[in-house]
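The values are calculated or read from the model by the stated rules, or taken from the named source; none is laboratory data. Model, not experiment: these values are computed from the prediction. Here the Cβ positions follow ideal geometry from the backbone for every residue, glycine too, while neighbour counts run over all protein chains shown. We work out accessible area using only protein heavy atoms, side chains counted, and drop any ligands, DNA or RNA first. Shrake-Rupley method; radii C 1.70, N 1.55, O 1.52, S 1.80 Å.
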Amino acid sequence: EEKIVANAEQSFDASQQSTYTKTPSTFDRSVEPSYGKTPILSVPKVWQGQLNNGLQIYGIKNAEVPLVQLNFDIEGGLLFDDAEKIGVANLVAELMNKGTKHKSPKQLEEAINKLGATINVYATQESIKITASTLARNHQATVDLITEMIVEPRWDENEFSLTKQDIISRIKQQQTNPRQLANNQMNKLLYGKSNILSNNLLGTIASVNKITLDDLKAFYKTKLTPSLANIHIVGDINKVDVLASFNNLEKLWLKTNAVLPDIKTPSLPSKSTIFFYDVPNAKQSQLRIGFPAMNAMHDDFYSAQVMNYILGGGSFASKLTQELREGKGYTYSVSSRFSGTKINGEFMISSGVRTNVTLEAIALIKSLVEDYQTDFTAKDLETTKSYYLKSNARKFETFNAKLAILENMSQYDLPANYVLERAALVKSFSLDNIKLLANKHLHHDKMIYLIVGDAKSQLPRLKALGLGEPVLINAG
């Protein structure tokens, strides 16, 4: 194993090149081809419908191949969990995959496979999702299976027990995974213990052990409602046939009085603070640096994502990758992002670095964020615009890309041509726009710095950052 030795840096020259024999070619491969013109976008036609039980449906007809992909987004998920029994929503979703009232888990799996289809149910922090893919000719049969899974779950005691054991095993695995430890601890720091979103979707070993099958049945009966659900569908099928295919679901899945809870928006920290979670003798440090930010409904949300491209959203075009990976060799991967939903948002820088450069990596990240507003150049703006405008051509190409369009429309109340509106916005951006956005939304002096790594060798060094005494979260 690599020893943790501070300042054991070897010289690193990113400009070094290998010597090799080049394959003969009819053109000069050392000259980068010039970019073509920005593609002209053609937005696919989107249709919408609503069933009598409140279920909203968004669709795009795509007849290129005889396939259909669809997903359900049922709002709620972790948001509906009881604070004393975190993990119910996840278990409800897991058990919906484990057979129906009339089909054992094996029989359900065989029925799906015979159709050449896939169906999967899973929970997130804010929803329960059902995804499916099938041949167009088997669309009705696939929808019938989904309907059966939704309205007639099996609630098998043995499957419930096995699923709980599996969840507990996954929680134990997470407790030994530095990446997952960092994500879970950062959620607690971002949202605070009283906010339901600070919890691990899976729950804890203690909370999962408390959950009974009756808890799942109660959640299902009161929280899983079509009035909080949207269906998104893309494929070789028209609107009339889609609406007709959900007749049984419309009749059998009845509305409840479920209302999404009000979630308190976390406040920005008053100042930057360093937190450390000790994993003794860790050979890498997991870094999570960020703060609570605007949600996806904010007028500047998309603009902030564009602004962040050169900082850490643009892979090898970003300053973080160029400096920490290419320039210093501290890490294999580093990125920053603004992410959010209708009710929450965050800014986050994520990376895993070699333990012995923990301080140096954080200092470099801190400097890049602090100087971003003044260092952003006209060339950076040109690169950003080129990426966002040219990459729009892929927004409508694949089934998944079209589904993403429909999901954004339903979740964030966007028009069908929102991609074109955003393209026009990006074209209009000036250098001053980017710098104003950075000044407004990149709170470099109010960051939460979380390090998951070896406290014995690294925690004392972090005082040199000038951000006060680091806070040790655990005893190691």
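Search the structure for amide H atoms under 5 Å from the amide H of Gln284, placed 1.01 Å from N in the peptide plane, and list their residues when 5 or more places away or on another chain.
When sequence neighbours closer than 5 places are left aside, the close amide H contacts are Thr355.
Accessible area per residue, 1.4 Å probe, Å², for region 65-162: what's the number? Each step should come with its number before you reach the end.
Numbers: 3900 Å² over 98 residues.
Heavy-atom SASA per residue in region 65-162 reads 40 Å².
Please give the charge dipole size of the chain, origin at the Cα centre, charges +1 on K and R Cβ atoms and -1 on D and E Cβ atoms. Round to the nearest 20 debye.
120 debye
If the chain between Glu370 and Ser430 were fully stretched, how many nm would it gain, using 0.36 nm times the residue separation less the Cα-Cα distance? Walk me through the numbers on the way to the answer.
On the way: separation 60, 0.36 × 60 = 21.60 nm, distance 2.03 nm.
My answer for the length gained is 19.6 nm.
For a label point 7 Å from the Cα of Thr204 along Cα→C-beta, name the residues of region 85-110 whose backbone N is under 14 Å from it.
85-87
Looking only at chymotrypsin sites (Phe, Trp or Tyr not before Pro) in DSSP loops with at most 15 other Cβ atoms within 10 Å, what is the longest site-free stretch of the chain?
36-476
For the chain, what is the calculated [θ] at 222 nm in deg cm²/dmol (nearest 500), taking -39500 (n - 2.57) for each run of four or more DSSP H residues and dividing by its residue count?
That comes out to -11000 deg cm²/dmol.
Find, among the trypsin sites (Lys or Arg not before Pro) in region 168-209, those assigned to loop by DSSP (not H, G, I, E, B) with at most 14 other beta-carbon atoms within 10 angstrom.
Of the trypsin sites (Lys or Arg not before Pro), the ones in loops of region 168-209 whose Cβ has at most 14 other Cβ atoms within 10 Å are Lys193.
How high is the FRET efficiency between Gln175 and Lys379 when r is their beta carbon distance and R₀ equals 51 Å, given to the nearest 0.05? The partial results should precede the final answer.
Numbers: r = 45 Å, r/R0 = 0.89.
According to the calculation, E is roughly 0.65.
Would you mind counting up the charge near Ile405? Only other residues with Cβ under 13 Å from its Cβ, with Lys and Arg at +1 and Asp and Glu at -1.
Once all neighbours under 13 Å are counted, the net charge is +2.
For semi-axes √(5λ) of the Cα gyration tensor in Å, the choices are (i) 31, 27, 24; (ii) 98, 38, 20; (iii) 41, 31, 22; which was calculated from the structure?
This structure yields the entry labelled (iii).
Tell me, what is the per residue accessible area of region 240-377 in Å², probe radius 1.4 Å?
43 Å²
Leaving out ligands, DNA and RNA, and with a 1.4 Å probe, what % of the accessible surface on region 25-166 is carbon or sulfur?
Percent of accessible area from carbon and sulfur atoms in region 25-166: 48.
Quick one: Karplus J couplings for region 34-49, per residue in order, coefficients 6.51, -1.76, 1.60, θ = phi - 60°, nearest Hz, x for Gly and Pro?
Rounded to whole hertz, the list is 6, 6, x, 6, 4, x, 7, 8, 10, 7, x, 6, 10, 10, 10, x.
Between Val259 and Lys221, how high is the FRET efficiency from 1/(1 + (r/R0)^6) when r is the Cβ-Cβ distance and R₀ = 22 Å? Nearest 0.05.
In this case the efficiency is close to 0.90.
Post the alpha-carbon centroid distance, region 213-282 to region 109-128, in whole angstrom.
15 Å
Using a 1.4 Å probe over the heavy atoms of the protein chains, calculate the carbon and sulfur portion of the accessible area of region 293-443 as a whole percent. Spell out each step's value before the answer.
Values: 3040 of 6250 Å².
Of all accessible area on region 293-443, carbon and sulfur atoms account for 49 percent.
Restricting attention to region 370-409, which GluC sites (Glu not before Pro) occupy a DSSP loop and are surrounded by at most 11 other Cβ atoms within 10 Å?
Within region 370-409, the qualifying GluC sites (Glu not before Pro) (loop, at most 11 other Cβ atoms within 10 Å) are Glu397.
How large is Rg over Rh for region 287-386, taking Rg from the Cα atoms and Rh as the Kirkwood inverse mean of 1/r across Cα pairs?
Numbers: Rg = 13.7 Å, Rh = 14.0 Å.
Ratio value, two decimals: 0.98.
Using a simple spin-label model with points 7 Å from Cα along the Cα→Cβ vector, what separation in nm is obtained for Gln48 and Ser30?
Placing both labels 7 Å along Cα→Cβ, they lie 5.7 nm apart.
If you keep only loop residues by DSSP, which trypsin sites (Lys or Arg not before Pro) in region 271-375 have at most 11 other Cβ atoms within 10 Å of their Cβ? Provide the component values of the computation, followed by the final result.
Details: sites: Lys271, Lys283, Arg288, Lys319, Arg325, Lys328, Arg337, Lys342, Arg354, Lys366; in loops: Lys271, Lys283, Lys328, Lys342.
Qualifying residues, ordered by number: Lys271.
Under 5 Å between amide H atoms, partner at least 5 residues away or on a different chain: which partners does Ser335 have, H built in plane at 1.01 Å?
It is Ser350, by chain and number.
What is the percent carbon and sulfur in the accessible area of region 168-265, measuring with a 1.4 Å probe over the protein chains and ignoring ligands?
Carbon plus sulfur share of accessible area: 49 percent.
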